[in-house]
Every structure is written in structure tokens, then in C-alpha cells.
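Accompanying notes for the structure given below.
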Amino acid sequence: MENEDPLIVRVGTFFMVVGAGAFLLFVMSDIAEQVDFDYLFIAMLLIGIGWTFRRKKAPPPPADRFSWVKGRFGKNKKGKGGNTLPPNEET
């Protein structure tokens, strides 16, 4: 599987994963009742930097999963309004 993400996006993903690991270390230190807030601050910093780098990823192209629905029902909506008379008028 080819990954065509730019290097900066990959680095952002790495920072987010390492930040999540640092957050888990903070939670474990809290469970052990020896709270070390350095892990929390490092986690917030790394996740913030990673999120900033990941924002630069281009959005994926739109999926054409329901193109047949748009084609089928889209044409009917255009054709309905043109040739119908209002309900109170008689010809």
C-alpha cells in the first residue's frame, strides 16, 4: 500500500502517537498516586504540534458512492416543476 502523505504529515502523526503515549504515562502515574504533571504537559505539547502538522494534509477526493442516487432522483426533480398546473386551475 502506497502512502503519498508528505513528510510533515507523517511527522505530525508521529508526534500525536508519542503524545498519546505520554498521556498514558500521566494516567498511569496518577493511578500509582505519584502524579507527574510533566507527562501531561509534554502530551499536550506533542499532540498540539502533531495536530498542527496533520492539518496540512490535503482533504480526500469526494467519494462517488451514491452517484446513481443523484443521477436517478436529481433528474426527476428538474422535470417535475416545468409542465404541471397548480391544483386549483382547470384547463
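The values are calculated or read from the model by the stated rules, or taken from the named source; none is laboratory data. Note that the structure is predicted; figures quoted are calculated from it, not measured. In this analysis, Cβ positions are derived from the backbone assuming ideal geometry, glycine residues included, and neighbour counts consider all displayed protein chains.
Look at GLU4 and say whether it is modelled with pLDDT of 90 or more, in a loop (DSSP other than H, G, I, E, B) and among the charged types (D, E, K, R). When the stated conditions are applied, GLU4 does not pass them.
Given the criteria part of a helix (DSSP H, G or I) and either modelled with pLDDT of 95 or more or surrounded by 14 or more Cβ atoms within 10 Å (Cβ to Cβ) (or both), does PHE73 qualify? Judged against the criteria, PHE73 is not a match.
For the range 36-55, the set of residues classified as within 11 Å of PHE23 (Cα to Cα) and either loosely packed, with under 13 Cβ neighbours inside 10 Å or touching an Asp or Glu at 6+ places or on another chain (Cβ under 6 Å) (or both) consists of PHE37, ASP38, PHE41, listed by residue number. Here GLU33, GLU4 are screened, and the one residue that is on the phi > 0 side of the Ramachandran plot and either surrounded by 14 or more Cβ atoms within 10 Å (Cβ to Cβ) or free of Cβ contacts under 8 Å to residues at least 60 places away in the same chain (or both) is GLU33.
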